Amino acid sequence: GRGSVTFPAVVTLMKKHQHDTKEEDSKQIRVSIMGGILLSAGSRTDHLVRAAGGALKQFMQTHGIEAVRNVAEDILHILTRHRGERRVTQNVMKTLALLLQEESFSILIEEGKMGEGARWGLKLVKTISTELGSTEDVNLLLAGGRVYLGVLAFPGLARNLAIRKCLALLEHAYPKVRSTIAEEMYSQLLVLEDEFEDLEGGGDEEEGGFDTVLEKLAETSWNAALSEIYDSLDTLHIVFGFEKPVRLKKEEVGEANKTEQGGKKKKETKNAAPAPSYLDLVKEMGF
């Protein structure tokens, strides 16, 4: 299709502007191109996903660490600039999760826990967390959760925070979120076994920490009531080296929800604004 010709040509423009990182005009052009590619690669149209995602992946593979760093920086910039615009950020997160899954950022991971890549991974997790906020949109939560899972490959504080965010999603109110993240976290940990081999056991002296985590992820009924999975969640926290979460009692949760809902209604009334149209988003991206 046309996409197989168009996107490689568009990516070539990114190559032209990747060296002038200190020139604001050049950076803006690059970010605009990146925005269009990310929106297309994260869309529901299969041929766009394949063409845009493939062109971006090829660009990162063939143009060295500078290209990868520019892509990483531009993604953070786009997520921050379009914070709250779910139609943009969700597509960006979907594309980002695929790039992480396909190890497109491996050259940054190799810099180690004190390297620029680890710092980028930490910023990314914080940016995604801000975007998810208290959303109840399952698709957005899963898109963000898959980015967290991808960041598990990064060393240091980035991995630490990503684990915490994954554990929080395992305790989410929606069973679909819990079960999906548990299943995909299990698969991701199998890929990253060497990075987690030093985990200590969760109370079973004969079983290592890594095996304990896999067992809890695989055997816990994540679709059950939250109260029935707390023991598994507590074990996961302990094995990963975190304190067990302090949970509110049922009556305290009810009071907290009432207060939160009251605050939300007031804020929504005060700040209500029309959602941006698709044309607005395209113009914002620079097309």
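The values are calculated or read from the model by the stated rules, or taken from the named source; none is laboratory data. Note that the structure is predicted; figures quoted are calculated from it, not measured. Note that we place each Cβ from the backbone using ideal geometry, even for glycine, and neighbour counts take in every protein chain shown.
Okay, here's what the table says:
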quantity: Meets criteria (on the phi > 0 side of the Ramachandran plot and of a type outside the set (D, E, K, R)) for Gly156; calculated: yes
quantity: Residue check for Leu248: in contact with a helix residue (DSSP H, G or I) (Cβ under 7 Å, 6 or more places away or on another chain), over 29 Å from Glu102 (Cβ atoms), in a loop (DSSP other than H, G, I, E, B) and not charged (D, E, K, R); calculated: yes
quantity: Test: residue in the range 198-211 that is crowded, with 16+ Cβ neighbours inside 10 Å, under 23 Å from Ser106 (Cβ atoms) and over 19 Å from the mean Cα position of the chain (by Cα); calculated: yes
quantity: Only listed residue being part of a helix (DSSP H, G or I), under 17 Å from Leu100 (Cα atoms), touching a helix residue (DSSP H, G or I) at 6+ places or on another chain (Cβ under 9 Å) and at pLDDT below 85, chosen from Ala55, Ala51; calculated: Ala55
quantity: Among residues of the range 122-161, those that are over 22 Å from Val177 (Cβ atoms), in a helix (DSSP H, G or I) and either more than 14 Å from the chain's Cα centre (by Cα) or not aliphatic (A, V, I, L, M) (or both), counted; calculated: 2
quantity: Qualifying residue in the range 172-182 (condition: assigned to a helix (DSSP H, G or I) and touching a Cys at 6+ places or on another chain (Cβ under 8 Å)); calculated: yes
quantity: Every pair of residues 6+ apart whose Cβ atoms lie under 6 Å, when the first sits in the range 86-97 and is on the phi < 0 side of the Ramachandran plot while the second is not in a helix (DSSP H, G or I); calculated: Val88/His82; Thr89/His82; Asn91/Gly42; Lys94/Gly42; Thr95/Gly42
quantity: Flag if Leu96 is under 19 Å from Leu152 (Cβ atoms), buried (at least 19 other Cβ atoms within 10 Å of the Cβ) and modelled with pLDDT of 85 or more; calculated: yes
quantity: Filtered residue count, the range 62-90, keeping only those that are modelled with pLDDT under 90, surrounded by 22 or more Cβ atoms within 10 Å (Cβ to Cβ) and among the polar types (S, T, N, Q); calculated: 1
quantity: Some residue of the range 86-102 being under 24 Å from Leu189 (Cβ atoms) and part of a loop (DSSP other than H, G, I, E, B); calculated: yes
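Here's the yes/no breakdown for (1) touching a Gly at 6+ places or on another chain (Cβ under 9 Å); (2) among the charged types (D, E, K, R); (3) surrounded by fewer than 16 Cβ atoms within 10 Å (Cβ to Cβ):
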| residue | (1), (2), (3) |
| --- | --- |
| Ser187 | no, no, yes |
| Glu193 | no, yes, yes |
| Val213 | yes, no, no |
| Ala224 | no, no, yes |
